[in-house]
Amino acid sequence: METHKPETMKRGEFLRSLGLSTSTLMAFYCIGTTMTACGSSSDNDPTPDPGTGTGTNGISGTTTGSAINFTVDLTKATGLAAAGGFQVIGDTIVAHTASGSYVALSKTCTHEGTTIGFRPAQNDFRCPNHGSEFSTTGAVEEGPATTALKAYKTALSTDGNTLTVTA
Ligand code: FES
């Protein structure tokens, strides 16, 4: 007596049996997952290099945690090229406060943790969530925050092209 073996077919085999080419199958897989899963999303990601490593944006070193120690190639970090610019880098926010002067603070508002921004006109930092304001030293200028932001040390290379930020 002949026993009937249950047939199993993988997803790819099934789709191929429908006469679909490999490239068409890949398109199905991409659409079936997320729109970014099969493409390069790094070009659209404004967040520079969280964590460690050297990226095309010129940031290398440790940008998160308690042992912050990284360098920024200012010829590549476009957000910091001109005075008044700022850039969130890992757990920090680095601002080009005046020509050749840089400030680095914790990016995390001490009120409820929102990422702060730099205001060049006021030369201070402001949280967009509830309006806390911090000086360039991290001190609270305006509540509801009551605790200062952590300030990091900044050092500019003699050629002015590399900024080092350390805890
Ligand atoms: S989270 Fe920043 S002011 Fe509330």
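The values are calculated or read from the model by the stated rules, or taken from the named source; none is laboratory data. These numbers come from a predicted model, not from an experiment. Here Cβ is always computed from backbone atoms with ideal geometry, including for glycine, and neighbour counts include all displayed protein chains.
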Exercise for the section: Could you look through segment 35-86, keep only residues that are at pLDDT below 50 and acidic (Asp, Glu), and pick out the one that is surrounded by the fewest Cβ atoms within 10 Å (Cβ to Cβ)? Expected result: 43
Practice task
Report yes if residue 139 is free of Cβ contacts under 8 Å to residues at least 12 places away in the same chain and either over 26 Å from residue 61 (Cα atoms) or not assigned by TED's automatic domain parsing to the domain that holds residue 65 (or both), otherwise no.
Solution key: yes
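Could you tell me how many of the residues in segment 95-151 are in a strand (DSSP E or B) and farther than 24 Å from residue 81 by Cβ?
5
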